[in-house]
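Peer 1: Please find one structure pasted underneath; my questions will follow.
The values are calculated or read from the model by the stated rules, or taken from the named source; none is laboratory data. It should be emphasised that the depicted structure is a prediction, and the values quoted were computed from it without experimental measurement. Ideal geometry is used to build each Cβ from the backbone, glycine not excepted, and the neighbour counts take in all protein chains shown. We work out accessible area using only protein heavy atoms, side chains counted, and drop any ligands, DNA or RNA first. Shrake-Rupley method; radii C 1.70, N 1.55, O 1.52, S 1.80 Å.
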Amino acid sequence: KRSDSGSQDQPSAKKKAGDVDVVVDHYNSRPEVGVVQRQDSPIIGLKNFNNWVKSVLITTFAHPAFHNGPSSNGYGKGRGKVLDMGCGKGGDMTKWAKAQIRELICVDIAAVSVDQAQRRYENMRSSRFDAYFAALDCYTAPLSTAFPPARLSVPFDVVSMQFCMHYAFETVQKARCMLDNVSKHLRPGGVFIGTIPNAELLYSHLDALPPDAEELSFGNSVYKIKFDQRDTKPRFGHRYWFFLQDAVENVPEYVVQWDCFVELAAEYGLYPKYKEEFHQVFSENQEVPEFKNLMIRMKVVDADGGSSMDEDQWEAANIYIAFAFERR
Ligand code: SAM
């Protein structure tokens, strides 16, 4: 178990400005809670569901990418290399272990979270893959500034960006830097998967607000979204403030307009193969035996099929969409 971690000495992670400070401070200050305490979260049903969606995405799109890859990477069939960009505290580490990967590179702008991710890896009982960690603002700096060239010489089979890509849509420059980091070290035929806010749903709520609405906000007991303005819908920097109970405390986020994302991604050789709302991911996969059993194991439903989410959590679940792109 080795690490190239430069969390303490990454200049790019220290140089922050404006909204980025708020985002970094927020994620750095969120306490790491253990598995047991996690179960006490008032939105544990929603958290489990989000994790189930990520597992479905990884199983459906990442696993085949490992098996279809060239054996010339020295790892052998089915033993892939993954970049987890915006890895947070390493919540997907077990999912990658189950995928029997060979190598994982984890980066996030929040240095405290990266350290927690590294500790999680070191405490894993059977981590049969190598993992390397670095704190990096992936939307302003190339990946190569955080890792030695040898670490990046074998390309990735999969790049994963879970619940984090939308922060790049503050400006076109950030979105481009992010896409360059995704695409530059991803092999042809490799897969880019992620989860982002559901722009169509956000805009349908925003458009439905009365013309004289004092505040451009909507939500329920679990989440609240408050837009700065609705006079224009810019392709980058359309900001709103996001609150999610027991998870996100009024952090600035940006709408990712799907067409804009697809158009820009094509410039980096990335082409969409899947895009679904979370509700749709559920209805598509709930009867697939593997995923049905996983739903019980991950406590999304109980053995009788009863949901662990109340109506407000279920509504909040559809704030997100899942996607997969292929590198050509
Ligand atoms: N991917 C993890 C997961 O699914 O549990 C964490 C998701 S968390 C909601 C969003 C993450 O995006 C945070 O850890 C945050 O620090 C990270 N992030 C935001 N801006 C970033 C940037 N410019 N570069 C790298 N990571 C960033």
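Peer 1: Residues F133, F169: which one is touching a His at 6+ places or on another chain (Cβ under 9 Å), open to solvent by less than 10 Å² (accessible area, probe 1.4 Å) and within 16 Å of the ligand (Cβ to nearest atom)?
Peer 2: On the way: F133 fails: touching a His at 6+ places or on another chain (Cβ under 9 Å).
None of the others qualify; the one that does is F169.
Peer 1: A further question on this structure: Considering each residue of the range 30-47, count those that are basic (K, R), in a helix (DSSP H, G or I) and surrounded by fewer than 22 Cβ atoms within 10 Å (Cβ to Cβ), and give that number.
Peer 2: The first filter runs over the range 30-47 and keeps only residues basic (K, R), leaving 30, 38, 47.
Narrowing further to those that are in a helix (DSSP H, G or I): 38, 47.
Restricting the remaining residues to those that are surrounded by fewer than 22 Cβ atoms within 10 Å (Cβ to Cβ) gives 38.
Going through the range 30-47 one residue at a time, the tally reaches 1.
Peer 1: Provide a single number: the residues in the range 139-163 that are open to solvent by 10 Å² or more (accessible area, probe 1.4 Å) and either within 8 Å of the ligand (Cβ to nearest atom) or among the charged types (D, E, K, R) (or both).
Peer 2: Residues in the range 139-163 being open to solvent by 10 Å² or more (accessible area, probe 1.4 Å) and either within 8 Å of the ligand (Cβ to nearest atom) or among the charged types (D, E, K, R) (or both): 5 in total.
Peer 1: State all residues of the range 300-328 that are in contact with a Gly (Cβ under 8 Å, 6 or more places away or on another chain), open to solvent by 20 Å² or more (accessible area, probe 1.4 Å) and either outside any loop (DSSP other than H, G, I, E, B) or within 29 Å of K224 (Cα to Cα) (or both); if no residue qualifies, say none.
Peer 2: Residues satisfying the conditions are S307, S308, M309, D310, E326, R327.
Peer 1: I would also like to ask the following. Only one of F243, F282 is of a type in the set (F, W, Y), at pLDDT 95 or above, part of a strand (DSSP E or B) and open to solvent by 40 Å² or more (accessible area, probe 1.4 Å); which?
Peer 2: Values: F282 fails: part of a strand (DSSP E or B).
Selected residue: F243, the only one of F243, F282 that is of a type in the set (F, W, Y), at pLDDT 95 or above, part of a strand (DSSP E or B) and open to solvent by 40 Å² or more (accessible area, probe 1.4 Å).
Peer 1: State which residue pairs qualify: first residue within 15 Å of Y167 (Cβ to Cβ) and of a type in the set (S, T, Y) and inside the range 238-255, second residue open to solvent by 60 Å² or more (accessible area, probe 1.4 Å) and more than 13 Å from the ligand (Cβ to nearest atom) in any location, beta carbons under 9 Å apart, and separation of 6 or more residues or different chains.
Peer 2: Correct list of pairs: Y240/K226; Y240/D228; Y254/R239.
Peer 1: In this structure, does A213 turn out to be aliphatic (A, V, I, L, M) and open to solvent by 60 Å² or more (accessible area, probe 1.4 Å)? Please lay out each step first, then the result.
Peer 2: Values: aliphatic (A, V, I, L, M): yes; open to solvent by 60 Å² or more (accessible area, probe 1.4 Å): no.
So A213 fails the test.
Peer 1: If you don't mind, another one. Can you tell me how many residues in the range 75-110 are open to solvent by 10 Å² or more (accessible area, probe 1.4 Å), within 20 Å of R151 (Cα to Cα) and within 9 Å of the ligand (Cβ to nearest atom)?
Peer 2: So the answer is 4.
Peer 1: Just one of E249, E263, E253 is assigned to a helix (DSSP H, G or I) and within 22 Å of the chain's Cα centre (by Cα); which is it? Spell out how you get there, then give the answer.
Peer 2: Values: E249 fails: assigned to a helix (DSSP H, G or I); E253 fails: assigned to a helix (DSSP H, G or I).
Step by step, each of E249, E263, E253 is checked, and only E263 is assigned to a helix (DSSP H, G or I) and within 22 Å of the chain's Cα centre (by Cα).
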